[in-house]
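The structure appears right after this line, and notes come after that.
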Amino acid sequence: MYFFSTRGAQKVTGAQAIVLGLADDGGLFVPERFPTVSEAELNDMLSMDYPERAAFVLHKYLDDYDYEGLKNACERAYAQFDGGDPAPLVKISNGVYMLELFHGPTCAFKDMALTVLPYLLREGCNLCGIQEQVLILVATSGDTGKAALEGFKDADGIKIMVFYPDEGVSKMQKLQMCTTEGNNTNVVAVKGNFDDCQTAVKRIFNSEQYKADLKSKNTLLSSANSINFGRLAPQIAYYFSAYLDLVSAGQIEIGEKVDFTVPTGNFGNILAAYYAKQMGLPVGKLVCASNKNNILTDFIQTGKYDCHREFYKTMSPSMDILISSNLERLLFELSGRNAALTKQRMEKLVKEGEYTVTAEELQRINESFYAGSTNEEGTVECMYDFFCNYGYPMDTHTGVAMSVAQEYIEKCEKEKLPKDKTPQPNMVVVSTASPYKFPQDVLYALTGNDVKDSFKGVKRLNLLTAMKVPKSLQELRYKEPRFKAVSTTENLYNEVLKFLEIGTEGIVAQSATKKRAGKKNKEQ
Ligand SMILES: *Cc1c(COP(=O)(O)O)cnc(C)c1O
């Protein structure tokens with residue numbers, strides 16, 4: 001299987017698509033066609049465990065990789081998840097289920113792909129005959145950074161460096177990142193907000209001078225962000241797996257349609273669901289849930305993508321985003337795979353902050369997608385209701401999704417839509433983070449109590465819900481941060497050079513000489 005750029009003619013193998021990350025023309029890599037999964041294959045997948053299902057789906061796209069290698073990699077990746085099943089499906093009420101994707105090492109759904117990506121990248125380098133060491137640079141607003149650090153720590157021939165905005169991540173997220181172990185890791189705070197941080201990192205990626213300089217140091221830059229096809233592909237698998245689990249549990253017959261609601265930010269997670277549908281998975285509607293930053297809701301309802309609006313900081317920060325990069329892959333498909341038109345629209349978005357799709361394209365969007373958004377009050381209300389009614393605590397991102405899922409289910413009941421539907425919904429809501437990752441906001445939603453300290457929040461949440469506290473978060477309280485560097489945006493490349501020169505050990509030694517903040521990681 002070959003991959004094309006959404007903006008032009010570049011044609012590469014799967015391994016190249018993953019190693020390069022982004023096409024030369026700035027486009028995203030998409031498969032030349034959607035591989036199909038027949039009903040017979042779906043039946044075969046019923047008896048597979050999760051890693052096998054994941055390897056089966058991955059190999060449909062990445063047929064230049066060895067199947068056994070993929071399977072071993074998935075087994076190793078998902079063995080790090082708590083509780084045996086990395087993507088358990090929990091029944092909440094009649095016809096409504098939660099797909100819990102937060103049982104990985106960093107308690108957010110990013111782990112589903114970032115535990116597999118290191119293998120895809122390393123093997124991809126082998127397949128492409130790349131000899132240099134790989135340096136991964138990540139700009140993060142919170143969840144991706146830690147998941148990437150955990151995925152890549154101690155990976156052979158790879159170094160990873162994460163930049164986060166000094167003022168833009170939660171205390172828990174900062175602690176998670178700065179206490180990371182491993183001998184190939186580095187974490188730097190950047191003065192400014194997430195956009196400043198991301199722009200500064202992009203400047204390194206786009207500089208021919210830096211790239212040549214790094215090449216002379218036997219180093220190749222790569223990225224682990226969600227536009228890499230290696231992030232998208234492992235996400236397709238859990239939609240198949242959730243469907244198969246519903247069949248195995250006797251909740252649906254094979255062939256029956258299932259709807260999915262996805263809390264959406266960069267459009268990566270829900271795009272994976274769209275890919276699963278294109279492969280033949282019986283999916284009804286994909287419900288795109290947004291918080292107060294409802295640019296996608298407006299786009300899916302009207303066909304106009306319009307960035308001229310205010311940016312809100314919400315309690316679901318991983319969905320606070322105005323430019324959803326992965327939408328470009330959907331635009332490419334909707335336009336009948338028209339690369340020239342996709343390129344034109346993406347350029348218009350940069351220049352004018354907006355673009356509009358045609359009426360036919362909008363109709364095609366609405367065949368597959370429904371969109372809705374909810375504000376902070378709606379999110380809190382929904383989290384509270386589900387805890388009271390079903391004893392189910394959910395995180396703030398999942399709260400947004402559940403609120404929109406309910407709106408959709410009610411709308412269907414009112415309109416009796418879609419017509420061929422049984423009265424009972426078949427709705428799977430994708431749960432993207434552990435409630436313990438946002439303990440203060442979750443506690444506030446469930447009890448109205450405001451606590452000032454994350455770990456106090458964790459303790460109270462545990463008393464209230466009796467839900468097990470993930471070990472990785474519990475241990476954080478007693479860990480010393482290893483990385484304390486703060487950089488200006490202008491100085492980032494020097495931080496990169498320093499890391500290449502003195503390595504993790506040197507960086508940690510320098511941080512250790514900085515004044516200690518206090519014994520416990522308490523918040524004031
Ligand atoms: C990243 C993230 C999202 C958004 O996912 P996208 O693939 O960017 O749409 C939602 N919830 C949580 C908890 C996340 O970390």
Read through the list (1) buried (at least 16 other Cβ atoms within 10 Å of the Cβ); (2) on the phi < 0 side of the Ramachandran plot, then give the number of the only condition that Gly192 fails.
(2)
Single residue of the stretch 144-158 satisfying the filter (assigned to a helix (DSSP H, G or I) and open to solvent by 10 Å² or more (accessible area, probe 1.4 Å)) that is nearest to the ligand (Cβ to nearest atom)
Thr144
With the first residue restricted to the stretch 292-319 and required to be at positive phi, and the second required to be more than 16 Å from the ligand (Cβ to nearest atom) and open to solvent by 70 Å² or more (accessible area, probe 1.4 Å), Cβ contacts under 8 Å at 6 or more apart or on different chains are Gly303/Thr356; Gly303/Ala359
Residue pairs meeting the criteria (Cβ under 9 Å; at least 6 apart or on separate chains; first at positive phi, in the stretch 261-273; second within 6 Å of the ligand (Cβ to nearest atom) and open to solvent by 10 Å² or more (accessible area, probe 1.4 Å)):
Phe267/Ser226
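Table: residues versus (1) within 23 Å of Gly8 (Cα to Cα); (2) within 23 Å of the chain's Cα centre (by Cα); (3) crowded, with 18+ Cβ neighbours inside 10 Å; (4) within 16 Å of the ligand (Cβ to nearest atom).
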site: Arg309; (1), (2), (3), (4): no, no, no, no
site: Lys313; (1), (2), (3), (4): no, yes, no, yes
site: Asn326; (1), (2), (3), (4): yes, yes, yes, yes
site: Glu333; (1), (2), (3), (4): yes, yes, yes, no
site: Arg337; (1), (2), (3), (4): yes, no, no, no
site: Ala340; (1), (2), (3), (4): yes, no, no, no
site: Lys348; (1), (2), (3), (4): yes, no, no, no
site: Gly353; (1), (2), (3), (4): yes, no, no, no
site: Glu376; (1), (2), (3), (4): no, yes, yes, yes
Taking Thr185 as the residue in question, decide whether it is open to solvent by less than 10 Å² (accessible area, probe 1.4 Å) and over 21 Å from the mean Cα position of the chain (by Cα).
no
When the stretch 426-443 is examined, which residues are found to be of a type in the set (A, V, I, L, M, F, W, C), farther than 12 Å from Arg460 by Cα and open to solvent by less than 10 Å² (accessible area, probe 1.4 Å)?
Met427, Val428, Val429, Val430, Ala433
With the structure loaded, tell me whether Asn291 is surrounded by 22 or more Cβ atoms within 10 Å (Cβ to Cβ) and within 14 Å of the ligand (Cβ to nearest atom) or whether it fails that test.
yes
Taking the stated definitions as given, is Ile270 among the hydrophobic types (A, V, I, L, M, F, W, C) and open to solvent by 10 Å² or more (accessible area, probe 1.4 Å)?
no
Specify the residue that is nearest to Ser324 (Cα to Cα); the eligible residues are those in the stretch 1-15 that are surrounded by fewer than 21 Cβ atoms within 10 Å (Cβ to Cβ) and in contact (Cβ under 8 Å) with a residue 60 or more places away in the chain.
Gly8
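Just to be sure, is Leu232 within 15 Å of the ligand (Cβ to nearest atom) and touching a Gly at 6+ places or on another chain (Cβ under 8 Å)?
Details: within 15 Å of the ligand (Cβ to nearest atom): yes; touching a Gly at 6+ places or on another chain (Cβ under 8 Å): yes.
Spelling it out, Leu232 is indeed within 15 Å of the ligand (Cβ to nearest atom) and touching a Gly at 6+ places or on another chain (Cβ under 8 Å).
Just to confirm my filter: which helices (runs of 4 or more DSSP H) fall fully inside the stretch 308-425 and include at least 1 residues that are within 30 Å of Gly280 (Cβ to Cβ)? Break it down stepwise before answering.
On the way: elements: 327-334, 339-352, 359-368, 376-390, 396-415.
Fully inside the stretch 308-425 and qualifying: 327-334, 339-352, 359-368, 396-415.
Mind counting the residues in the stretch 444-490 that are small (Gly, Ala, Ser), more than 20 Å from Lys174 (Cβ to Cβ) and crowded, with 16+ Cβ neighbours inside 10 Å? Show your work before the answer.
Step one: of the stretch 444-490, the residues small (Gly, Ala, Ser) are 445, 448, 454, 457, 466, 472, 485, 487.
Subset that is more than 20 Å from Lys174 (Cβ to Cβ): 445, 448, 466.
Those left that are additionally crowded, with 16+ Cβ neighbours inside 10 Å: 445.
Residues that pass the stated criteria total 1.
Suppose the filter is away from the ligand (no atom under 13 Å from the Cβ), more than 21 Å from the chain's Cα centre (by Cα) and at pLDDT 95 or above; does Lys304 pass it?
Working: away from the ligand (no atom under 13 Å from the Cβ): yes; more than 21 Å from the chain's Cα centre (by Cα): yes; at pLDDT 95 or above: yes.
When the stated conditions are applied, Lys304 passes them.
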Restricting to the stretch 308-358, count the residues that are closer than 29 Å to Pro439 by Cβ, among the hydrophobic types (A, V, I, L, M, F, W, C) and modelled with pLDDT under 90.
3
Picking from Val116, Val162, Val169, which residue would you name as being open to solvent by less than 40 Å² (accessible area, probe 1.4 Å) and at pLDDT below 95?
Val169
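Please enumerate the residues belonging to the stretch 243-263 that are within 16 Å of the ligand (Cβ to nearest atom) and either in contact with a Leu (Cβ under 6 Å, 6 or more places away or on another chain) or over 16 Å from Leu296 (Cα atoms) (or both). Before the answer, list the steps.
Within the stretch 243-263, the first condition is being within 16 Å of the ligand (Cβ to nearest atom), and the residues that meet it are 260-263.
Hit for the stretch 243-263 is Phe260, nothing else.
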I'm told Lys468 meets every condition in (1) part of a loop (DSSP other than H, G, I, E, B); (2) more than 25 Å from the chain's Cα centre (by Cα); (3) of a type in the set (Lys, Arg) except one. Can you identify the failing condition by its number?
(2)
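The values are calculated or read from the model by the stated rules, or taken from the named source; none is laboratory data. Only a predicted model underlies this, so the values are computations on that prediction, with no experimental measurement involved. Positions of Cβ are generated from backbone atoms using ideal geometry, with glycine treated the same way; all protein chains shown enter the neighbour counts. Keep in mind that these areas ignore ligands, DNA and RNA; they rest on the heavy atoms of the full protein, side chains included. Shrake-Rupley method; radii C 1.70, N 1.55, O 1.52, S 1.80 Å.
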